[in-house]
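Comments concern the structure below.
The values are calculated or read from the model by the stated rules, or taken from the named source; none is laboratory data. Worth saying up front: this structure is predicted, and the values here are computed from it rather than measured. No Cβ is skipped: glycine too gets one built from the backbone with ideal geometry, and neighbour counts run over all protein chains shown. Ligands, DNA and RNA are excluded from the accessible area calculation, which covers all protein heavy atoms including side chains. Shrake-Rupley method; radii C 1.70, N 1.55, O 1.52, S 1.80 Å.
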Amino acid sequence: GSVMEALRNRKKLIVVVNDKLMHNHQAELAEAMSEAGYACSSSPSTLLEVIQGFDSQKLTPLPPLDLQPFAKTVTELMGVKEEKKRE
């Protein structure tokens, strides 16, 4: 949650992952955000190196959240029919 919140607030971010956790969702999220260019990822052991090579200008801002596709899918799954707009 805090990674997404920081990115939505246009913060330049280095995500430091606790590499001692099993089934590490932190690592998966950090990797995905790094590959997409939204953030930089690191482990505690590589943090100094990552900070020294960090270039915030290379990061891409996270696009705005669009909930319309999700809302449409939920509406369709629930079987709710959309009302036709009257002109």
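Residue by residue, here is whether (1) open to solvent by 60 Å² or more (accessible area, probe 1.4 Å); (2) acidic (Asp, Glu); (3) farther than 15 Å from Gly1 by Cα holds:
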position: Asn24; (1), (2), (3): no, no, no
position: Ala32; (1), (2), (3): no, no, no
position: Ala36; (1), (2), (3): no, no, yes
position: Cys40; (1), (2), (3): no, no, yes
position: Pro44; (1), (2), (3): yes, no, yes
position: Leu47; (1), (2), (3): no, no, yes
position: Ser56; (1), (2), (3): no, no, yes
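Total residues in the range 3-17 satisfying the condition of being touching a residue at least 40 places away in the same chain (Cβ under 8 Å) and open to solvent by less than 30 Å² (accessible area, probe 1.4 Å): the figure is 1.
Within the group Leu62, Leu7, Leu21, Leu47, which residue is among the aliphatic types (A, V, I, L, M), at pLDDT 85 or above and not in a helix (DSSP H, G or I)?
Details: Leu7 fails: not in a helix (DSSP H, G or I); Leu21 fails: at pLDDT 85 or above; Leu47 fails: not in a helix (DSSP H, G or I).
Just one listed residue meets the conditions, Leu62.
One residue stands out among those in the range 29-44 that are part of a helix (DSSP H, G or I) and in contact with a helix residue (DSSP H, G or I) (Cβ under 7 Å, 6 or more places away or on another chain): the one that is modelled with the highest pLDDT, which is Met33. Out of Gln57, Gln26, Gln52, one residue alone is of a type in the set (S, T, N, Q) and modelled with pLDDT of 95 or more. It is Gln52.
Checked against (1) assigned to a helix (DSSP H, G or I); (2) open to solvent by 100 Å² or more (accessible area, probe 1.4 Å); (3) modelled with pLDDT under 90; (4) not hydroxyl-bearing (Ser, Thr, Tyr), Ala71 meets all criteria but (2).
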